[in-house]
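I have placed the structure first, in the form of structure tokens, so that the comments after it can refer back to it.
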Amino acid sequence: MSDSSRFRRFLRLPRRSRRTIESDIDDEFRFHLEMRERELRSLGRSPTEARREALRQFGDLADAREYCRTADQHAERHSRRRNWLDELRQDVLIASRLMRRNPRFALGATLTLAVGVAAATAAYSVLYAYLVRPLPYPDPDRLAFVIPGPSREPFPNAPSLRTVDWTKVDSVFNGTVAWDLDGFTLAGGDRPEYVDGAWVSPGYLTTLGVRPAVGRAFQPEAYTAGAPPVALISDALWARRFNRDSSIIGTTIRLHSTDRPLENELVTIVGVTAPGTWHVTRFTDVIRPLTTSRMPSIVRLKSGSTLAQAQAQLNAAVIPQLGEVPTGWRMSAVPVHEEYTHEVRPILVALFGAAAFMLLIAAGSVAGALVARAAGRRDELGIRGALGASRGRLVRQLLTETFVLAAVAAIAGTLLARFLIEVIASAVGPHLGVSVPGGEARLIPDIMVFALAIIAGSALGALFGLIPAVAATRGDVAASVRAGRNVSGPSRPIMRQSLIGAQIALTVVLLVGAGLMARTVAALRNAPLGFQTAGLLKADVLLPQSRYPDAAARRNVADRALAEIRRVPGIRAAALVFPYPFRQGGAAPISSEAGTRASDVIPRATVHSISPDYFRVMQISLISGRTFDDRDNPDAAAVVIISDGLARDLWSGESALGRRIRIGESEEWRTVVGVVNETLKTVIGEHSADVYMPYAQAPRAYTSIVVSGTSGTPPTAHDLQRAMARVDDVLALSDIRTLDEIVSQEGASRRMLATLLVGFALFALGLAALGLYASISYVVARRRRELAVRMAIGANAASIMRLVLGEGVVVVTGGVIAGVALSLALARVLASQVYGVATTDTLTLGAIVIIVTLAALSAIAGPLSRALRIDPASAMRVE
Amino acid sequence: MTRDSLDLLQGTLDLLILRTLAWGQMHGYGISGFIRQRTDGAISIVDAALYKALHRLERDRLIDSVWGVSENNRKAKYYRLTPAGRRRLHAELDEWRRYSAAVLKVVEPLPT
């Protein structure tokens, strides 16, 4: 650094303007000419001659003046830039020196901010992956989901779409995508394997841009009935099962379809889809060409056509084919991204909002700590002010300090977030109940998001840094130095108070959210399911058509399998059921032979096919009649057991036993022989009734097995698999889970939200309490002398308490009231996630108010007792 | 430039200024007089050229300046060497010595 710039800055010399530069040059030249004149005069020249000679000797004065001006201006610009950088470097140096001098404060503040930044960044990354990042399909904004109804809710008495000719809608769109999900058992090798798959229309590959990385796509002829069976397999299956061997292309494997058992099981692999190919439905290992017409699930809008237009054209093509439809029924189209993420959107918004609140609370508490600390630095700032530093300069110095702290915290927080995301990546999808669009690898956002996080974090820190900077430099800082103490009187504490008040308010909001979600989780756990889950294990199994072509064969193998499983040590009972409870699936309309229906709406029920032991294994209680037994064989009369809710709906309280029902569009009448307790299929969604048929009369090729262990703990998957293999080695068990897992899956996203909110809220509560503690301590320390004087002249403890508490009580009360009001205003955000409790629940709000008040009281207690223990004599002597 | 003074080689003026300021801070008039004196009038610099060189050197941060008070109580601008200027001076001096020695080797001694 040059001396002149240091000198100039030290004296706070104004920056040199063009005019100053010119007059400086003139002064310099004039001095020279005058000196030369004097010299010449002393040699005996006349004044006129001397002046002329001096000018002559000087040479081209105008040219020199112009040259010097340009050079000086250049130098000035340069030095300004350098000065600014010098000052910045100086500020950063001061900042880092201060941090080193008080490392505990620096570490605490940095960590607090870093945790806030990490939470907000991680939450934003998840939100970004789900809601912001475009789906990994070409031009994804033009893709829409087709819903066979006016909304997502099931429409009562909706028309059957079975007869619709879907080719009629092809002209409405720029491509249609239809699929039929299926599961396949992949035979051969050392073990059979059950994989997810789908039958897809030609549009699946072209419209969604799904391309094979190895081999080729399906030829157009593959989509015609009777074409040689072909399949595309996923990269994951290729790696897992075939060791990435390219010679697999063109060879034939044995694939048993679950839903289409009559399809030829010898299938030629024609290609492998690219790694990272994402299927909007669920992970799909096997794709086979769909040879029948099917309702498109996804359509690509024609360019220039809006969603509303497309929807109108769709209905114009479909509704005339249906004849009469119920009033209000129509099909609708929804943007794919919205449809895919609508269930998780509120959770993600709530989560990000909570994390952002936490970051604000963290920044606020660091700012609060800085305010108190900066107040203690008025002497230092005063000296600098007295030496000529302007207020702007001092603010800039304090701001730089905060900025350095915030930048360090932002970088640390972002790195922490990056690490966090990597750790939670595989858990995000299962917990939200919707897998990450495009695969979990896309959870890790691009570098721009991280850069944004660092910039936003630092900027936030600097913004909050303004508060202490402005507070500390307010008033006549120089005067307080001259007086040797703070003469500006008790500095207006409004800034510090509002910071803490705001922290308390945001903390209340987080606590209310956490409280509501905790109560939701409790309500979900306590919901009466109608069946037992403890110690139960469930597995799915497919009985391949080629091996078990008819009902008799399936009955036979099912009996053998159950007998074999019951022989496994540790297993108490086993039964067949399909669908198992909580399995997502449709309900069939149930019609009764005679009787008075409770309402005009045709009741619907989930139709299960079970073996006789099912009710015993699941502990579903029989209300009247009997359970199934060996009598209910295929030669006997068709029988059913129904749930009590359905009995009420069909016959309004009259006995259901002996009455007959028809399921769906089946022509067969079945006699009710028993009534059982209704079970929940879902805790939160629509409830539906149950109809049970004996497996012997409805032997499905795909079924689930539920087993209970003797000791109350579920048997191991391994034991089950071995037992099945002893029966037949093509029987692959899949999706083996405990019933507890299955039931808790539904609450998973809410549990995650609850856990995170509780964590955030406790962090916030801790920070707010700490901020309050620091603030009251600061007040007590500042007013020590005043308190001592009051005590000396006989103030009692109560009046001292009033004095100290006055501020704290106002801040806490204000914060709590603002927090409750804000919670009520924000209740909407959580409305869709809360279950079994109102978002305005007074019990929760009351409990939160009490918790916050208790925390505040305990934060105040320390400094308060210090205030009461002040020894008047020694306190006054210090001054 | 007076007719009987030596023509200055390119860059030599800078060297002279830097060398002069190595004695201590000096204003432009002083530098001019100092050089004339030390060379017994053999080198006299056109004042315009001197000031152009001074401002150029200041721009290049080889020298810097402060306003001070002259011997006769007048406000005058004093120039000083910066550390960078001092380094440049030594480098140029070495260069100059090598150069003049080389030239002298060719031209001296004169054949008789």
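The values are calculated or read from the model by the stated rules, or taken from the named source; none is laboratory data. These numbers come from a predicted model, not from an experiment. As a convention, Cβ positions derive from the backbone with ideal geometry for all residues, glycine included, and neighbour counts pool all protein chains shown. Just the protein is used for accessible areas: all its heavy atoms, side chains included, with ligands, DNA and RNA removed. Shrake-Rupley method; radii C 1.70, N 1.55, O 1.52, S 1.80 Å.
Couple of notes before you dig in:
- Looking at B:Asp40, B:Asp60, B:Asp64, B:Asp94, just one residue is facing chain A (nearest Cβ under 10 Å), open to solvent by 20 Å² or more (accessible area, probe 1.4 Å) and either more than 12 Å from the chain's Cα centre (by Cα) or among the polar types (S, T, N, Q) (or both), and that residue is B:Asp60.
- Any chance A:Gly766 is under 21 Å from A:Ala363 (Cα atoms), free of Cβ contacts under 8 Å to residues at least 40 places away in the same chain and either open to solvent by 30 Å² or more (accessible area, probe 1.4 Å) or in contact with a Lys or Arg (Cβ under 6 Å, 6 or more places away or on another chain) (or both): yes
- Residue match in segment A:364-380 (condition: in a strand (DSSP E or B), of a type in the set (Val, Ile, Thr) and surrounded by 16 or more Cβ atoms within 10 Å (Cβ to Cβ)): no
- Tally of residues being open to solvent by less than 20 Å² (accessible area, probe 1.4 Å) and more than 30 Å from A:Phe582 (Cα to Cα) across segment A:422-449: 2
The rows are residues; the columns are (1) under 24 Å from A:Ala717 (Cα atoms); (2) out of contact with any strand residue (DSSP E or B) (no Cβ under 8 Å at 6 or more places or on another chain); (3) among the β-branched types (Val, Ile, Thr); (4) part of a loop (DSSP other than H, G, I, E, B).
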site: A:Leu529; (1), (2), (3), (4): no, yes, no, yes
site: A:Ala539; (1), (2), (3), (4): yes, no, no, no
site: A:Arg554; (1), (2), (3), (4): yes, yes, no, no
site: A:Leu562; (1), (2), (3), (4): yes, no, no, no
site: A:Arg572; (1), (2), (3), (4): yes, no, no, no
site: A:Leu576; (1), (2), (3), (4): yes, no, no, no
site: A:Ile590; (1), (2), (3), (4): no, no, yes, no
site: A:Val607; (1), (2), (3), (4): no, no, yes, no
site: A:Pro612; (1), (2), (3), (4): yes, no, no, yes
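- Search result, residues across segment A:232-255 that are open to solvent by 20 Å² or more (accessible area, probe 1.4 Å), among the hydroxyl-bearing types (Ser, Thr, Tyr) and either touching a residue at least 24 places away in the same chain (Cβ under 8 Å) or farther than 13 Å from A:Gly215 by Cβ (or both): A:Ser246, A:Thr252
- Matching strands (runs of 3 or more DSSP E) fully within segment A:264-336 where at least 3 residues are of a type outside the set (A, V, I, L, M, F, W, C) and surrounded by 15 or more Cβ atoms within 10 Å (Cβ to Cβ): none
- Exclusive hit being more than 16 Å from A:Ile504 (Cα to Cα) and surrounded by fewer than 18 Cβ atoms within 10 Å (Cβ to Cβ), set A:Ile793, A:Ile817: A:Ile793
- Condition broken by A:Gly501, with the remaining ones in (1) over 21 Å from the mean Cα position of the chain (by Cα); (2) open to solvent by 10 Å² or more (accessible area, probe 1.4 Å); (3) over 30 Å from A:Ala369 (Cα atoms) satisfied: (3)
- The condition (being open to solvent by less than 20 Å² (accessible area, probe 1.4 Å) and either in a helix (DSSP H, G or I) or within 21 Å of A:Ala574 (Cβ to Cβ) (or both)) is satisfied by just one residue among A:Thr703, A:Thr755: A:Thr703.
- Segment A:1-47 - residue that is modelled with pLDDT of 60 or more and assigned to a loop (DSSP other than H, G, I, E, B) and, of those, farthest from the other protein chains (Cβ to nearest Cβ): A:Ser46
- Pairs with Cβ under 6 Å, 6+ apart, first in segment A:451-465 and over 16 Å from A:Leu398 (Cβ atoms), second part of a helix (DSSP H, G or I) and open to solvent by 50 Å² or more (accessible area, probe 1.4 Å): A:Ile454/A:Ile411
- Unique residue being more than 14 Å from chain A (Cβ to nearest Cβ) and under 23 Å from A:Ser79 (Cα atoms) when the list is B:Leu15, B:Leu110, B:Leu89, B:Leu104: B:Leu89
Every residue, every condition in (1) touching a Gly at 6+ places or on another chain (Cβ under 8 Å); (2) within 29 Å of A:Val730 (Cα to Cα); (3) at pLDDT 90 or above, yes or no:
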residue: A:Tyr204; (1), (2), (3): no, no, no
residue: A:Val210; (1), (2), (3): no, no, no
residue: A:Gly226; (1), (2), (3): no, yes, no
residue: A:Ile253; (1), (2), (3): yes, yes, no
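- Unique match (being open to solvent by 20 Å² or more (accessible area, probe 1.4 Å), touching a helix residue (DSSP H, G or I) at 6+ places or on another chain (Cβ under 8 Å) and modelled with pLDDT of 85 or more) among A:Val126, A:Val115: A:Val115
- Restricting segment B:18-37 to residues that are small (Gly, Ala, Ser) and free of Cβ contacts under 8 Å to residues at least 60 places away in the same chain, the residue that is farthest from the other protein chains (Cβ to nearest Cβ): B:Gly24
- Of all residues in segment A:666-678, those satisfying the criterion of being touching a Lys or Arg at 6+ places or on another chain (Cβ under 9 Å) and either of a type in the set (Gly, Ala, Ser) or open to solvent by 70 Å² or more (accessible area, probe 1.4 Å) (or both) are A:Glu668, A:Trp669, A:Gly674.
- Members of segment B:67-83 found to be open to solvent by less than 50 Å² (accessible area, probe 1.4 Å) and either facing chain A (nearest Cβ under 7 Å) or touching a residue at least 12 places away in the same chain (Cβ under 8 Å) (or both), listed by number: B:Gly68, B:Ser70, B:Ala76, B:Lys77, B:Tyr78, B:Tyr79, B:Leu81, B:Thr82
- Residues of segment A:648-665 that turn out to be open to solvent by less than 60 Å² (accessible area, probe 1.4 Å), within 17 Å of A:Ala588 (Cα to Cα) and at pLDDT below 90, as a count: 3
- Residues considered: A:Ala64, A:Ala54, A:Ala50, A:Ala71. Of these, the only one that is hydrophobic (A, V, I, L, M, F, W, C) and away from every other protein chain (no Cβ under 12 Å) is A:Ala50.
- Residues considered: B:Ile45, B:Ile31, B:Ile35. Of these, the only one that is touching a helix residue (DSSP H, G or I) at 6+ places or on another chain (Cβ under 9 Å) and not in a helix (DSSP H, G or I) is B:Ile45.
- Looking only at segment A:826-847, residues that are open to solvent by 70 Å² or more (accessible area, probe 1.4 Å) and in a helix (DSSP H, G or I) come to 3 in all.
- Any hit, segment B:43-55, residues being among the polar types (S, T, N, Q) and facing chain A (nearest Cβ under 8 Å): no
- Test: A:Ala588 is of a type outside the set (S, T, N, Q) and loosely packed, with under 15 Cβ neighbours inside 10 Å: no
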